[in-house]
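Heads up: the structure comes next, in structure tokens.
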Amino acid sequence: MESTLKDLKERRSIRAYKAEQIKEEELQKILEAGTYAPTGMGMQSPKIVVVQDKETRDYLSELNAKYLGSDSDPFYGAPTVLVVLASKDRPTCVEDGSLVLGNLMNAAYAVGVGSCWIHRAREVFGSEEGKALLKKWGIEGDYVGVGHCILGYPADGAVPQAKPRKDDYIVYVR
């Protein structure tokens, strides 16, 4: 239990990565953790798409940057992007996908991999380009893009310190 709490307290969003691809065994552990996230009524509405192909990764970055209104890489050079989608058929789709993203990021830290949640998946996969990607990937149905979890090894000096927790974070009603 103490190591889990330590990981939860120390994990930080990484915004600069080495070009080196993460190891397959690390990826598999991270993905397994994502599949064990709680979901509404245990229906497992999310899907995780693993993108390690550089051309596809760069195209996703380009689409994401368009919705950001930027021409920089919103994936900060991370070599792996996990796209988390969830079925719109489930009323808890966004919550389900959010819990998957949390598990992915916490597991990444636990195995020594940096991560960060990147937004705008909703916009990307709601667009014609995004829908074309889903079709190309063989994903049928009505899915919402919940988020992108970028993965990689942090660049030197890229691990920030935790900010102090605010005083009124917890309110007791006893």
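The values are calculated or read from the model by the stated rules, or taken from the named source; none is laboratory data. Predicted model, so just to flag it, every value in this text is computed and none were measured. In this analysis, Cβ positions are derived from the backbone assuming ideal geometry, glycine residues included, and neighbour counts consider all displayed protein chains.
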Enumeration of residues in the stretch 57-90 that are part of a helix (DSSP H, G or I), surrounded by fewer than 16 Cβ atoms within 10 Å (Cβ to Cβ) and either among the charged types (D, E, K, R) or at pLDDT 95 or above (or both):
Asp58, Tyr59, Glu62
Return a yes/no flag: does the stretch 160-169 have any residue that is polar (S, T, N, Q), out of contact with any Ser or Thr (no Cβ under 7 Å at 6 or more places or on another chain) and at pLDDT 95 or above.
no
Do the conditions hold for Gly138, that is, is it more than 20 Å from the chain's Cα centre (by Cα) and modelled with pLDDT of 95 or more?
yes
Can you name the residue in the stretch 91-102 that is crowded, with 21+ Cβ neighbours inside 10 Å and in contact with a helix residue (DSSP H, G or I) (Cβ under 7 Å, 6 or more places away or on another chain) and, of all such residues, is nearest to Gln44 (Cα to Cα)?
Asp96
Can you confirm whether Ser115 is within 26 Å of Tyr76 (Cβ to Cβ) and either surrounded by 21 or more Cβ atoms within 10 Å (Cβ to Cβ) or aromatic (Phe, Trp, Tyr) (or both)?
yes
Show the residue pairs meeting these rules: Cβ distance below 6 Å; 6+ apart or different chains; first residue within the stretch 43-58 and free of Cβ contacts under 8 Å to residues at least 60 places away in the same chain; second residue outside any strand (DSSP E or B) and of a type in the set (D, E, K, R).
Met43/Arg90; Ser45/Arg90; Ser45/Asp96; Val51/Arg57
